[in-house]
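The values are calculated or read from the model by the stated rules, or taken from the named source; none is laboratory data. Given the structure is predicted, the values throughout are model-derived calculations rather than measurements. Don't worry about glycine lacking a Cβ; one is built from the backbone with ideal geometry, like all the others, and counts go over all protein chains shown.
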Amino acid sequence: MTLDLFGSAHHDVRHDSPQADELGPGALVLRGFAQSQLADLQADIDAVIAQAPLRHWLTPGGKRMSVAMTNCGEVGWISDRQGYRYGTHDPLSKRPWPAMPVSFLSLARHAAETAGYRDFTPDACLINRYALDARLTLHQDRDERELGAPIVSVSLGLPATFLWGGLQRSDRTRRVRLAPGDVVVWGGPSRLVYHGIASVEGSFDAQAVRYNLTFRQAR
Ligand SMILES: O=C(O)CCC(=O)C(=O)O
Ligand SMILES: [Mn+2]
(Lines give C-alpha, C1' and ligand atoms only; values in the text may rest on other atoms or scores of the structure.)
(Ligands and ions follow the chains in the order given, each with its own letter.)
Protein backbone atom coordinates (compact mmCIF):
# COMPACT_ATOMS: atom_id res chain seq x y z
CA MET A 1 0.00 0.00 0.00
CA THR A 2 2.69 2.43 1.02
CA LEU A 3 4.70 1.47 -2.04
CA ASP A 4 1.68 1.95 -4.33
CA LEU A 5 1.00 5.39 -2.95
CA PHE A 6 4.61 6.37 -3.23
CA GLY A 7 4.79 4.94 -6.75
CA SER A 8 1.80 6.83 -8.06
CA ALA A 9 2.84 10.10 -6.43
CA HIS A 10 6.29 9.69 -7.90
CA HIS A 11 4.79 9.01 -11.30
CA ASP A 12 2.71 12.21 -11.12
CA VAL A 13 5.62 14.51 -10.40
CA ARG A 14 7.55 13.23 -13.40
CA HIS A 15 5.08 14.97 -15.71
CA ASP A 16 5.65 18.60 -16.56
CA SER A 17 1.96 19.21 -16.04
CA PRO A 18 0.88 19.57 -12.42
CA GLN A 19 -2.77 19.78 -13.44
CA ALA A 20 -4.94 18.46 -16.24
CA ASP A 21 -8.48 19.72 -16.83
CA GLU A 22 -10.79 17.41 -18.73
CA LEU A 23 -12.83 19.13 -21.45
CA GLY A 24 -14.60 15.95 -22.54
CA PRO A 25 -13.82 12.34 -23.50
CA GLY A 26 -10.29 12.26 -24.91
CA ALA A 27 -9.82 16.02 -24.46
CA LEU A 28 -7.55 17.59 -21.84
CA VAL A 29 -5.91 20.90 -21.00
CA LEU A 30 -2.43 20.16 -19.65
CA ARG A 31 -1.87 23.25 -17.53
CA GLY A 32 1.62 24.72 -17.79
CA PHE A 33 2.91 21.70 -19.68
CA ALA A 34 5.21 23.81 -21.92
CA GLN A 35 5.99 26.43 -19.27
CA SER A 36 9.68 25.63 -18.94
CA GLN A 37 10.19 25.67 -22.74
CA LEU A 38 8.52 28.95 -23.70
CA ALA A 39 11.71 30.87 -24.49
CA ASP A 40 13.13 28.06 -26.63
CA LEU A 41 9.83 27.59 -28.45
CA GLN A 42 9.59 31.33 -29.15
CA ALA A 43 13.12 31.36 -30.60
CA ASP A 44 12.15 28.48 -32.89
CA ILE A 45 8.93 30.26 -33.89
CA ASP A 46 10.95 33.35 -34.80
CA ALA A 47 13.31 31.23 -36.91
CA VAL A 48 10.41 29.66 -38.83
CA ILE A 49 8.81 33.08 -39.39
CA ALA A 50 12.12 34.40 -40.76
CA GLN A 51 11.86 31.76 -43.52
CA ALA A 52 8.10 31.69 -44.01
CA PRO A 53 6.59 35.02 -42.92
CA LEU A 54 3.23 35.26 -41.18
CA ARG A 55 0.39 36.18 -43.51
CA HIS A 56 -3.38 36.61 -43.38
CA TRP A 57 -5.00 33.93 -45.53
CA LEU A 58 -8.21 34.66 -47.38
CA THR A 59 -11.18 32.47 -46.54
CA PRO A 60 -12.80 30.63 -49.47
CA GLY A 61 -15.43 33.40 -49.31
CA GLY A 62 -12.71 36.03 -49.83
CA LYS A 63 -12.51 37.46 -46.29
CA ARG A 64 -9.11 38.23 -44.76
CA MET A 65 -8.55 36.15 -41.62
CA SER A 66 -7.70 38.24 -38.54
CA VAL A 67 -5.19 35.63 -37.29
CA ALA A 68 -1.80 35.74 -39.05
CA MET A 69 -0.51 32.28 -39.97
CA THR A 70 2.45 30.31 -41.23
CA ASN A 71 3.54 26.68 -41.09
CA CYS A 72 6.40 24.29 -40.55
CA GLY A 73 6.61 20.57 -41.18
CA GLU A 74 6.15 18.38 -44.24
CA VAL A 75 2.84 20.01 -45.06
CA GLY A 76 1.21 23.32 -44.16
CA TRP A 77 -2.38 24.47 -43.84
CA ILE A 78 -3.42 26.87 -46.58
CA SER A 79 -6.59 28.85 -47.23
CA ASP A 80 -7.55 30.88 -50.29
CA ARG A 81 -10.48 31.24 -52.67
CA GLN A 82 -9.91 27.64 -53.80
CA GLY A 83 -10.61 26.38 -50.26
CA TYR A 84 -8.86 24.96 -47.20
CA ARG A 85 -6.15 22.36 -47.76
CA TYR A 86 -2.66 21.14 -46.93
CA GLY A 87 0.26 21.79 -49.26
CA THR A 88 3.94 20.89 -49.26
CA HIS A 89 5.03 24.36 -50.43
CA ASP A 90 4.57 27.90 -49.16
CA PRO A 91 2.46 29.60 -51.85
CA LEU A 92 4.28 32.91 -51.19
CA SER A 93 7.86 31.71 -51.67
CA LYS A 94 7.05 28.55 -53.70
CA ARG A 95 9.52 26.77 -51.42
CA PRO A 96 8.86 23.80 -49.12
CA TRP A 97 7.67 24.82 -45.64
CA PRO A 98 10.50 25.06 -43.08
CA ALA A 99 11.27 21.82 -41.25
CA MET A 100 9.52 21.24 -37.93
CA PRO A 101 11.98 22.15 -35.14
CA VAL A 102 12.96 19.19 -32.93
CA SER A 103 11.73 21.13 -29.88
CA PHE A 104 8.23 21.33 -31.42
CA LEU A 105 8.08 17.65 -32.35
CA SER A 106 9.22 16.37 -28.96
CA LEU A 107 6.83 18.66 -27.08
CA ALA A 108 3.89 17.59 -29.26
CA ARG A 109 4.70 13.89 -28.87
CA HIS A 110 5.21 14.18 -25.12
CA ALA A 111 1.94 16.11 -24.65
CA ALA A 112 -0.01 13.59 -26.77
CA GLU A 113 1.45 10.69 -24.82
CA THR A 114 0.66 12.37 -21.48
CA ALA A 115 -2.95 12.72 -22.65
CA GLY A 116 -3.04 9.02 -23.58
CA TYR A 117 -2.25 9.16 -27.31
CA ARG A 118 0.76 7.06 -28.21
CA ASP A 119 2.92 7.45 -31.31
CA PHE A 120 1.60 10.83 -32.38
CA THR A 121 3.60 11.75 -35.47
CA PRO A 122 2.51 15.22 -36.60
CA ASP A 123 3.53 16.18 -40.13
CA ALA A 124 2.04 19.69 -39.88
CA CYS A 125 2.46 22.56 -37.44
CA LEU A 126 0.32 25.63 -38.00
CA ILE A 127 1.67 28.76 -36.30
CA ASN A 128 -1.06 31.26 -35.41
CA ARG A 129 -0.34 34.80 -34.24
CA TYR A 130 -3.17 36.74 -32.59
CA ALA A 131 -3.06 40.50 -32.16
CA LEU A 132 -5.48 41.90 -29.58
CA ASP A 133 -8.35 42.16 -32.07
CA ALA A 134 -7.90 38.71 -33.65
CA ARG A 135 -10.51 35.96 -33.33
CA LEU A 136 -10.93 32.46 -34.64
CA THR A 137 -14.56 31.60 -35.18
CA LEU A 138 -16.01 28.27 -34.10
CA HIS A 139 -14.77 25.52 -36.45
CA GLN A 140 -13.80 21.85 -36.66
CA ASP A 141 -10.31 20.70 -37.65
CA ARG A 142 -11.38 18.41 -40.47
CA ASP A 143 -9.01 18.96 -43.37
CA GLU A 144 -6.75 16.12 -42.18
CA ARG A 145 -6.78 12.69 -43.80
CA GLU A 146 -5.92 10.99 -40.49
CA LEU A 147 -8.79 11.71 -38.10
CA GLY A 148 -7.56 8.92 -35.82
CA ALA A 149 -4.70 11.14 -34.62
CA PRO A 150 -5.27 13.83 -31.98
CA ILE A 151 -4.73 17.57 -32.19
CA VAL A 152 -2.08 19.13 -29.94
CA SER A 153 -2.38 22.88 -29.41
CA VAL A 154 0.19 24.97 -27.50
CA SER A 155 -0.37 28.52 -26.17
CA LEU A 156 2.32 31.20 -25.85
CA GLY A 157 2.23 34.93 -25.15
CA LEU A 158 -0.99 36.68 -24.15
CA PRO A 159 -3.74 34.62 -22.51
CA ALA A 160 -6.91 33.88 -24.46
CA THR A 161 -10.46 32.63 -24.10
CA PHE A 162 -10.81 29.32 -25.92
CA LEU A 163 -14.29 28.15 -26.90
CA TRP A 164 -15.00 24.44 -26.52
CA GLY A 165 -18.29 23.27 -27.97
CA GLY A 166 -19.71 19.97 -29.15
CA LEU A 167 -20.00 17.93 -32.32
CA GLN A 168 -22.67 20.28 -33.73
CA ARG A 169 -21.92 23.94 -34.41
CA SER A 170 -25.06 24.90 -32.47
CA ASP A 171 -24.01 23.01 -29.30
CA ARG A 172 -23.36 25.07 -26.18
CA THR A 173 -19.80 26.30 -25.81
CA ARG A 174 -17.71 26.43 -22.70
CA ARG A 175 -15.19 29.27 -22.21
CA VAL A 176 -11.75 28.06 -21.17
CA ARG A 177 -8.95 30.46 -20.28
CA LEU A 178 -5.66 29.45 -21.86
CA ALA A 179 -2.44 30.80 -20.36
CA PRO A 180 1.06 30.64 -21.87
CA GLY A 181 2.43 27.12 -21.51
CA ASP A 182 -0.99 25.44 -21.51
CA VAL A 183 -1.36 22.58 -23.99
CA VAL A 184 -4.76 21.34 -25.18
CA VAL A 185 -4.95 17.80 -26.58
CA TRP A 186 -8.12 16.44 -28.18
CA GLY A 187 -8.82 13.26 -30.11
CA GLY A 188 -10.91 10.10 -30.12
CA PRO A 189 -14.59 10.94 -29.56
CA SER A 190 -13.69 14.65 -29.25
CA ARG A 191 -11.59 14.87 -32.42
CA LEU A 192 -14.27 16.78 -34.37
CA VAL A 193 -15.49 19.03 -31.55
CA TYR A 194 -16.16 22.64 -32.59
CA HIS A 195 -13.72 25.11 -31.02
CA GLY A 196 -12.36 28.63 -31.51
CA ILE A 197 -10.76 31.66 -29.90
CA ALA A 198 -13.26 34.25 -28.61
CA SER A 199 -10.75 36.84 -27.46
CA VAL A 200 -7.17 37.56 -26.52
CA GLU A 201 -6.61 39.27 -23.20
CA GLY A 202 -5.18 42.76 -23.37
CA SER A 203 -1.91 44.00 -22.04
CA PHE A 204 -0.36 47.40 -21.49
CA ASP A 205 2.38 46.33 -23.87
CA ALA A 206 0.94 47.24 -27.25
CA GLN A 207 3.47 44.94 -28.91
CA ALA A 208 2.22 41.88 -27.09
CA VAL A 209 0.59 39.08 -29.07
CA ARG A 210 -0.54 35.53 -28.55
CA TYR A 211 1.01 32.62 -30.44
CA ASN A 212 -0.49 29.19 -30.87
CA LEU A 213 1.11 26.08 -32.31
CA THR A 214 -1.36 23.53 -33.66
CA PHE A 215 0.13 20.10 -34.40
CA ARG A 216 -1.72 17.71 -36.67
CA GLN A 217 -1.20 14.50 -38.55
CA ALA A 218 -2.57 15.73 -41.85
CA ARG A 219 -1.54 12.98 -44.29
O1 LIG B 1 -5.32 29.33 -31.19
C2 LIG B 1 -5.85 28.34 -30.70
O3 LIG B 1 -5.74 28.06 -29.49
C4 LIG B 1 -6.68 27.40 -31.55
C5 LIG B 1 -6.22 27.35 -32.98
C6 LIG B 1 -7.06 26.48 -33.85
O7 LIG B 1 -8.10 26.00 -33.46
C8 LIG B 1 -6.64 26.18 -35.22
O9 LIG B 1 -5.62 26.71 -35.68
O10 LIG B 1 -7.32 25.39 -35.90
MN1 LIG C 1 -8.84 24.42 -34.84
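Which one of the conditions (1) more than 25 Å from Leu54 (Cβ to Cβ); (2) away from ligand 2 (no atom under 14 Å from the Cβ); (3) of a type outside the set (Val, Ile, Thr) does Ala179 fail to meet, given that it meets all the rest?
For Ala179, the failing item is (1).
How many residues are more than 15 Å from ligand 2 (Cβ to nearest atom) and in contact (Cβ under 8 Å) with a residue 40 or more places away in the chain when one looks only at region 112-123?
8
On the basis of being within 11 Å of ligand 2 (Cβ to nearest atom), modelled with pLDDT of 95 or more, surrounded by fewer than 18 Cβ atoms within 10 Å (Cβ to Cβ) and within 23 Å of Arg31 (Cβ to Cβ), does Gly188 make the cut?
No: the conditions fail for Gly188.
Any idea how many residues of region 38-55 are surrounded by 14 or more Cβ atoms within 10 Å (Cβ to Cβ) and in a loop (DSSP other than H, G, I, E, B)?
The number of residues fulfilling the criteria is 2.
Ser170: small (Gly, Ala, Ser), surrounded by fewer than 22 Cβ atoms within 10 Å (Cβ to Cβ) and within 13 Å of ligand 2 (Cβ to nearest atom), yes or no?
Values: small (Gly, Ala, Ser): yes; surrounded by fewer than 22 Cβ atoms within 10 Å (Cβ to Cβ): yes; within 13 Å of ligand 2 (Cβ to nearest atom): no.
Criteria not met by Ser170.
Take the residues in region 148-166 that are outside any strand (DSSP E or B) and within 13 Å of ligand 2 (Cβ to nearest atom); name whichever of them is farthest from the chain's Cα centre (by Cα).
So in region 148-166, the residues outside any strand (DSSP E or B) come out as 148-150, 158-159, 165-166.
Remaining after also requiring within 13 Å of ligand 2 (Cβ to nearest atom): 150, 165.
Values: Pro150: 11, Gly165: 16 Å.
So the residue we want is Gly165.
In region 167-192, what residues are in contact (Cβ under 8 Å) with a residue 60 or more places away in the chain, assigned to a loop (DSSP other than H, G, I, E, B) and under 16 Å from Arg142 (Cβ atoms)? Outline the logic, then answer.
Pass one, region 167-192, residues in contact (Cβ under 8 Å) with a residue 60 or more places away in the chain: 174, 176, 178-191.
From the residues that got through so far, the ones that are assigned to a loop (DSSP other than H, G, I, E, B) too are 179-182, 187, 191.
Within region 167-192, Gly187, Arg191 qualify.
Only one of Leu126, Leu132 is away from ligand 2 (no atom under 13 Å from the Cβ), hydrophobic (A, V, I, L, M, F, W, C) and in contact (Cβ under 8 Å) with a residue 12 or more places away in the chain; which? Quick ask: steps written out before the conclusion?
Details: Leu126 fails: away from ligand 2 (no atom under 13 Å from the Cβ).
Testing whether each residue is away from ligand 2 (no atom under 13 Å from the Cβ), hydrophobic (A, V, I, L, M, F, W, C) and in contact (Cβ under 8 Å) with a residue 12 or more places away in the chain leaves just Leu132.
When you scan region 132-147, how many residues do you find that are assigned to a strand (DSSP E or B) and either within 20 Å of Pro25 (Cα to Cα) or near ligand 1 (Cβ under 8 Å from one of its atoms) (or both)?
3
Can you name the condition, by its number, that Arg129 falls short on among (1) assigned to a strand (DSSP E or B); (2) buried (at least 22 other Cβ atoms within 10 Å of the Cβ)?
Among (1) assigned to a strand (DSSP E or B); (2) buried (at least 22 other Cβ atoms within 10 Å of the Cβ), the lone unmet condition for Arg129 is (2).
Of all residues in region 56-96 being of a type in the set (D, E, K, R) and assigned to a loop (DSSP other than H, G, I, E, B), which is surrounded by the fewest Cβ atoms within 10 Å (Cβ to Cβ)?
Lys94
Which of the residues belonging to region 191-207 are surrounded by 22 or more Cβ atoms within 10 Å (Cβ to Cβ) and of a type outside the set (A, V, I, L, M, F, W, C)?
The one that is surrounded by 22 or more Cβ atoms within 10 Å (Cβ to Cβ) and of a type outside the set (A, V, I, L, M, F, W, C): His195.
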